[in-house]
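First the structure, in the form of structure tokens, and then the observations on it.
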Amino acid sequence: MWLIILDLDLLCYAAHHTDSAELLRIATAHAHTILKHQLRDDFSTHHLVNFDPTTGLPQGKYTNQGYSDTSTWSRGQAWGILGFTQIYQWTHELVFLNAAIRLAKSFLDRLDESIGKHECPYVALWDFDAPIEDGKPLRDTSAGLIAVNGMLVLHQVLLIAPKQEGVEQGFFLEKALRILGETVEFSLDKSTARFSKKDENKKGVIEVINEQQENFEGIVRNATANWNPDAHKPYKDHGLVYADYYFLEAGNKLLRMGLL
């Protein structure tokens with residue numbers, strides 16, 4: 001369900017460009033539903049909520065890709081940071097801005113728990129409540145990089161939004177840069193490649209030679225798509241499109257902000 005909150009950005013875009021109050025109402029109502037039923041009192045998050053199609057009331061709250069129904073799956077938490085910041089930009093409802101701030105602070109608090117325990121503690125664990133297997137913490141770089149994008153947007157929003165108590169100017173920018181820096185240090189793929197002509201008689205035909213011969217197909221390592229104990233296809237410690245996309249998007253945001 002968390003990915004739906006990212007879809008609301010497109011719905012709001014469509015509402016704005018078609019001058020549709022109804023589309024905006026639908027998007028806003030859905031955001032309020034997520035806010036009411038998917039966030040816990042401490043602003044950790046459930047992954048999935050199953051709603052009764054007749055009453056619209058929740059029938060159960062679960063996880064599909066996290067560790068357990070009561071744990072906090074880090075990528076879901078990160079989707080919430082970015083999603084609620086985006087919906088605030090469209091609606092200017094302070095309840096959404098407050099949710100984004102509280103979700104971001106909760107995410108950062110959980111990263112802080114790894115300080116002194118793990119190398120590069122700001123590279124998020126795949127689930128903040130999952131046990132550490134064999135003394136090696138399993139990460140999800142995509143969670144951190146999605147959170148980075150949310151915090152960069154949140155930083156920009158807070159420069160012009162009504163002042164929020166307990167939030168120092170530049171706080172989320174500083175934390176986003178730390179997550180990004182530790183991700184580069186810990187997980188940026190180090191493979192090198194070179195271009196070579198494949199056939200001297202065929203102009204313009206080239207091949208890419210991976211000098212390590214490892215053929216890692218990604219920019220960022222250490223992502224975890226799904227490590228739920230009951231997953232049909234558990235999949236951990238690999239490249240993931242979310243990680244690569246949001247790594248590049250973070251760089252583009254920093255360029256647009258004049259910080260690179």
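Here are the numbers:
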| quantity | calculated |
| --- | --- |
| The listed residue being of a type in the set (V, I, T) and under 30 Å from D109 (Cα atoms), out of T63, T18 | T63 |
| Matching residues, region 64-91, being in a loop (DSSP other than H, G, I, E, B) and either without any contact (Cβ under 8 Å) to a residue 40 or more places away in the chain or aliphatic (A, V, I, L, M) (or both) | D69 |
| Tally of residues being outside any helix (DSSP H, G or I) and touching a Gly at 6+ places or on another chain (Cβ under 7 Å) across region 92-112 | 0 |
| Cross-chain or 6+ apart pairs with Cβ under 8 Å, region 135-157 first and more than 26 Å from Y235 (Cβ to Cβ), then β-branched (V, I, T) and assigned to a helix (DSSP H, G or I) | M151/I81; M151/I179; V153/T85; L154/I81; L154/T85; L154/I101; V157/T85 |
| The listed residue being modelled with pLDDT of 95 or more, surrounded by fewer than 15 Cβ atoms within 10 Å (Cβ to Cβ) and among the polar types (S, T, N, Q), out of T91, T70 | T70 |
| Qualifying residue in region 135-142 (condition: surrounded by fewer than 23 Cβ atoms within 10 Å (Cβ to Cβ) and farther than 20 Å from I179 by Cα) | yes |
| Residues that are at pLDDT below 85, in a loop (DSSP other than H, G, I, E, B) and surrounded by 10 or more Cβ atoms within 10 Å (Cβ to Cβ), drawn from region 159-198 | S191, K198 |
| Residues of region 107-126 satisfying the condition of being hydrophobic (A, V, I, L, M, F, W, C) and touching a residue at least 40 places away in the same chain (Cβ under 8 Å) | F107, L108, L111, C120, V123, A124, L125, W126 |
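The values are calculated or read from the model by the stated rules, or taken from the named source; none is laboratory data. It should be emphasised that the depicted structure is a prediction, and the values quoted were computed from it without experimental measurement. Cβ: placed from backbone, ideal geometry, glycine included. Neighbour counts: every protein chain shown.
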